[in-house]
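Peer 1: I have a structure here, written as structure tokens, and I will follow up with some questions on it.
The values are calculated or read from the model by the stated rules, or taken from the named source; none is laboratory data. The structure displayed is predicted, hence computed values, not measured ones. Glycine gets a Cβ as well: all are built from the backbone with ideal geometry, and neighbour counts include every protein chain shown. Protein only, heavy atoms only, side chains kept; ligands, DNA and RNA dropped before computing areas. Shrake-Rupley method; radii C 1.70, N 1.55, O 1.52, S 1.80 Å.
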Amino acid sequence: MAWSTRQLAELAGTTVKAVRHYHELGLLDEPPRKSNGYKQYGVAELVRLLQIKRLVDLGVPLAQVASVGRADEQPDEALRVIDAELAATVERLQRVRAELAVILRHRAPIDLPAAFSTVAEGLSSQDRSMLMIYSRVFDKTWLDELRNLMLNEPRTSVDAEFDALPADADRATRRRLAEQLAEAIRRQYEIYPALTDLQSHTSRGAETAESAVTLALQELYNPAQLEVIYRADLIARDATDDRFDALDSHGD
């Protein structure tokens, strides 16, 4: 009894295309051919095809099917490796499902780092972008501290005013807004000290972190907002900058 490629595929519950692909990969030996050139598959080819299909159904990648071996071998080590890979895949998928559940529950932007999904409400597009940058350059301790701050420090009207600040805002407005923000920043520096120690909490080196954050700030915020951020930080740290002192003394 011999079967054609189509008949073999039907018996094995697969497709002609799959059978030909297995031939190309060297997983299934080419059978003898009739005088007319058609392949003649026998029991040996059917059994091997069923073995391949079984391994694929178990999640074994085609690239690893050959290493698993045939039925008369005991490929324990190869199977253990595949089992470990599948376990890692299951863990990753479970983690993704958990993250999606949090995103759906809080209706959070999908682009945010998972840890910040619960604090996403009210964030500006600039805030979300900065969080994504932070997640790539700071360690878990720093990010956890930032998340705690965001959980415990609700946004205020001052934050909303800063988000809407136009690039041509007058100097008095920028100065006032910086002073108002500085009050909250000074308190936050005291409660969340890790946030002030950037160099100790970088995941990719201080230089990389500083460069990424600086470039992100420059691209995401307009000049007036950048001035407010800088002024507020100076005030919160009781520091000074002669450039602003000179500008303030002359007014707008």
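Peer 1: I'd like the residue in segment 15-51 that is of a type in the set (S, T, Y) and open to solvent by 40 Å² or more (accessible area, probe 1.4 Å) and, out of all such residues, is farthest from the chain's Cα centre (by Cα). Break it down into steps so the answer makes sense when it comes.
Peer 2: Here is the first cut: in segment 15-51, the residues of a type in the set (S, T, Y) are 15, 22, 35, 38, 41.
Subset that is open to solvent by 40 Å² or more (accessible area, probe 1.4 Å): 15, 35, 38.
Details: T15: 36, S35: 57, Y38: 51 Å.
Across segment 15-51, the extreme among qualifying residues is S35.
Peer 1: Does V56 satisfy the criteria of being farther than 30 Å from S125 by Cβ, surrounded by 15 or more Cβ atoms within 10 Å (Cβ to Cβ) and at pLDDT below 85?
Peer 2: no
Peer 1: Could you grab me the full set of residues in segment 135-158 that are assigned to a helix (DSSP H, G or I), of a type in the set (D, E) and out of contact with any Pro (no Cβ under 9 Å at 6 or more places or on another chain)?
Peer 2: Of everything in segment 135-158, just one residue is assigned to a helix (DSSP H, G or I), of a type in the set (D, E) and out of contact with any Pro (no Cβ under 9 Å at 6 or more places or on another chain), namely D144.
Peer 1: Yes or no: segment 168-188 includes at least one residue that is under 25 Å from L112 (Cβ atoms), among the acidic types (D, E) and loosely packed, with under 14 Cβ neighbours inside 10 Å.
Peer 2: no
Peer 1: Can I ask one more? Take segment 1-14 and flag every residue that is open to solvent by 60 Å² or more (accessible area, probe 1.4 Å) and of a type in the set (S, T, N, Q).
Peer 2: Once the filter is applied, which keeps residues that are open to solvent by 60 Å² or more (accessible area, probe 1.4 Å) and of a type in the set (S, T, N, Q), segment 1-14 yields only Q7.
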